[in-house]
Amino acid sequence: MHAPTITSPRQAASALREGRLVVLPTETVYGLGALATDPAAVQRVFSTKGRPADHPLIVHVASAEELPRWAQTIPDWVAPLIDRCWPGPLTLVLEASAEVDPLITGGQPTVAVRVPAHPLTLQVLEHLGPGAGIVAPSANVYGQVSPTTADDAWQGLGHRLRPGDLILDGGTCSVGVESTILDCTGPGGAARILRPGAIGAEAISRFAGIEVTGEAQSASDGTTPRVPGSTASHYAPRAAVITVERDQIGSDGVAEFLPAGVHRSDCALIAASDVDTPPGWTRLLAAASDREYAHDLYAALRDGDRRGCQVVVAVLPTGSTELGEAIRDRLHRAAATGSASGSS
Ligand code: TXA
Ligand code: MG
């Protein structure tokens, strides 16, 4: 079967209206889209991904003006924040309005909403018209690596799509890691980051004029069902991922992290460009910046699997930038599972 890939937002909107699933490009990762007001299609998003029903979905809308349809009791500081960040990689968790199907929220009283910054997907939303929302989790099988190209989405999820489902090809995602998720429902209007992304606590705090808490949760405490991306078995390739801090690297370089019993030709390296590749290893990523690291990370993990690498050693960015922190978060979660246990 050939990938049912299209480039027309109008065609994507018609398919969504007919209850089909459409894989959509965003600036972060590709999403598996369905009309938020079509319960059968929303149900298929869960079954296609293999995602548990209590793991809620993000509703994607065309603009900030659409927010009141989905959310209520919106704190005052949200307006200046979304004025600066939307369209963009920031998802807000707010009290859900009565119109939101509990299927989307996993029965919780809150809903996650964002305006994605990809022209094609914004055009799809415009074609759908006022009031439209698209639920779109990352377009990968539950627990696996998110896709940043249409082809990666097809490779990872194509076998689960049905005739009539489509993939809207919008090129390579510019950011490369999922949106920041900000819980805005805390007591006294407190805000907490549930998942780090390209927009960090400092920027949110500055734009909104509020205090922001909750850095990246560590992989070990991330078992809350509210954020499936924070359960252990996420963002995981088939290869076992070993994370290494820069200051753990001694004078012999990263070669010392090759696990016993693994041949160096089965080992790969993901790191900033100033970290040397040991002889015999495969180099999957040599990033000149955190931005480049985030942009290429998921493709690199997929590449390692394609090449049959058993082990990926990932040298973590220091976390001095928002993206550095998001990369650390995803790599810790990718490392929480390995080839032996597989991913859910
Ligand atoms: O960048 C992104 O956010 C991408 C693109 C496609 O928009 N989407 C994405 O969706 O990453 P997904 O489903 O893979 O991750 C959505 C995250 C999950 O961790 C989910 O638990 C959390 O959002 N979430 C959704 N609704 C929530 C809610 N009401 N409260 C807390 N977390 C929520
Ligand atoms: Mg995901």
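Laboratory data are not the source of any read-out in this text; all were calculated from the coordinates shown. Owing to the predicted nature of the structure, the values given are computational and were not obtained by experimental measurement. Methodologically, a virtual Cβ is constructed for each residue, glycine included, from the backbone with ideal geometry; neighbour enumeration extends over all protein chains shown.
Things to note:
- Extreme residue, positive dipole direction of the chain, given options H263, G188, P87 (C-beta unit charges): H263
- Dipole of the chain [Lys/Arg +1, Asp/Glu -1 at C-beta], most positive-end residue of A239, A96, S179: A239
- Cβ-based net charge around D38, under 14 Å, with every Lys or Arg adding one and every Asp or Glu removing one: -1
- Diffusion coefficient, µm² s⁻¹, Stokes-Einstein with Kirkwood Rh over alpha-carbon pairs of the chain at 25 °C and 0.890 mPa s: 121
- Relative exposure of H159, H234, H55, judged by other C-beta atoms within 10 Å (fewest first): H159, H55, H234
- Rounded to 5, the percent of DSSP beta bridges in region 1-126 classed as antiparallel: 75
- Dipole moment magnitude, nearest 20 debye, the chain about Cα centre, only Lys, Arg, Asp, Glu C-beta charged: 920
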